[in-house]
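As structure tokens, the structure follows; a few thoughts come after it.
The values are calculated or read from the model by the stated rules, or taken from the named source; none is laboratory data. In this text, all values refer to a predicted model and were calculated from it rather than measured experimentally. Using ideal geometry, Cβ is built from the backbone for each residue, glycine included, and neighbour counts are taken over all protein chains shown. All accessible areas refer to the heavy atoms of the entire protein, side chains included, with ligands and DNA or RNA removed. Shrake-Rupley method; radii C 1.70, N 1.55, O 1.52, S 1.80 Å.
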Amino acid sequence: MSEQAAAGPRYGVPACRNSWDEVDRVLADWAGQRPDLDFTPVGVVTRLSRLRGYLDAELAGVFARFGLTSADFLVIVSLRRGGPPYRMPQARLMDALGLTSGTVSVRLDRLEKNGIVAREPDPASARGSLVQLTGKGLELFDRVAPVHLANEDRLLAALTGDERLALAGLLRRLLGSVETPTTDVARDLGLILEPAHLARQRRQAVGLADRAGLLVAGVQPGSPAARAGIERGDLLTCLDGQPVSSSTGLALLLADLAGRRSATAVVVRGNDEARLRIRLPGLA
């Protein structure tokens, strides 16, 4: 047995080997080979990557039974969830799917050919089109959606209901932190903030200590944050004694502070930490 194994598992690897997955085995190997490096992120990122592969294959299998691809179903869902008349401008659909105009056109061409969507000129745009789910498309959604949801439920069978909600909450925080470059969840305080991963990157780039928190990208003049002394470039690390590491977590924390007149914010300016009292307008 290696010295590392004798000392116990690292990187969140369970002590019970019978509970290990393939990623745990990888982490255990690295703990012995390079104990000087922190492989903890591998436990999250690699599992997300492997799960994505399994899930995509399982979902694609269901859609294929109905003559669809996963990409086709995303178009149908985007039109259906908007409600009657199940129509939107092609440009808005493109934005909703996060795709280029050419990619959306290819998907719509295929669906229109099969009678699932119809396109017509958009009277509000000289060059734009309106995309509408047809009767056939609505009927197809009603057939596919229950099977698709049952399949997703089956794929999550290893988790209890509470575990699914807990996982969804953690993924919400992580996804929210990487999807947008700034957040205005603290706009009532006069703050525009950058997510934690960008904050760490910017601090490391200028040789500052690696700290977790949200970077202050802007402070509105005369706002509670400005009056408290918070400045652009500060790192917000804590509010009311609670760590601040995601916009989602901060939004929930601010909601919990409803009824309070003020709270203590901990900010890092350079490498120096300061505790500042900030009023909570609109929350008192």
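Being within 24 Å of V45 (Cβ to Cβ), in contact (Cβ under 8 Å) with a residue 40 or more places away in the chain and not in a strand (DSSP E or B) is a description that does not apply to L254. Of all the listed residues (T46, T69), the sole one being in contact with a helix residue (DSSP H, G or I) (Cβ under 8 Å, 6 or more places away or on another chain) and under 22 Å from L138 (Cβ atoms) is T69.
Restricting region 135-186 to residues that are part of a loop (DSSP other than H, G, I, E, B) and either more than 27 Å from A212 (Cβ to Cβ) or among the hydrophobic types (A, V, I, L, M, F, W, C) (or both) leaves a set whose member that is nearest to the chain's Cα centre (by Cα) is V185. Tell me which residues, restricted to region 204-220, are open to solvent by 10 Å² or more (accessible area, probe 1.4 Å) and not small (G, A, S). Residues satisfying the conditions are Q204, V206, L208, D210, R211, L215, V219, Q220. Is there a residue in region 28-37 that is under 28 Å from the mean Cα position of the chain (by Cα) and in contact (Cβ under 8 Å) with a residue 12 or more places away in the chain? Looking for residues that are under 28 Å from the mean Cα position of the chain (by Cα) and in contact (Cβ under 8 Å) with a residue 12 or more places away in the chain, one finds none in region 28-37, hence no. Residues in region 120-168 that are at pLDDT below 95 and either under 18 Å from L48 (Cα atoms) or of a type in the set (S, T, N, Q) (or both) were compared, and the one that is surrounded by the most Cβ atoms within 10 Å (Cβ to Cβ) is S129. Give region 187-201 a look and list any residue that's charged (D, E, K, R), assigned to a helix (DSSP H, G or I) and either buried (at least 22 other Cβ atoms within 10 Å of the Cβ) or touching a Pro at 6+ places or on another chain (Cβ under 9 Å) (or both), or say none. Scanning region 187-201 gives a single hit, D188. Those helices (runs of 4 or more DSSP H) of region 1-105 in which 2 or more residues are crowded, with 17+ Cβ neighbours inside 10 Å and of a type in the set (G, A, S) occupy 22-33, 70-80.
Evaluate region 221-230: report whether one residue or more is on the phi > 0 side of the Ramachandran plot, crowded, with 17+ Cβ neighbours inside 10 Å, modelled with pLDDT of 95 or more and outside any strand (DSSP E or B). No: zero hits. Filtered by the rule that a residue be in contact (Cβ under 8 Å) with a residue 24 or more places away in the chain and open to solvent by 30 Å² or more (accessible area, probe 1.4 Å), region 231-243 gives E231, G233, D240, P243.
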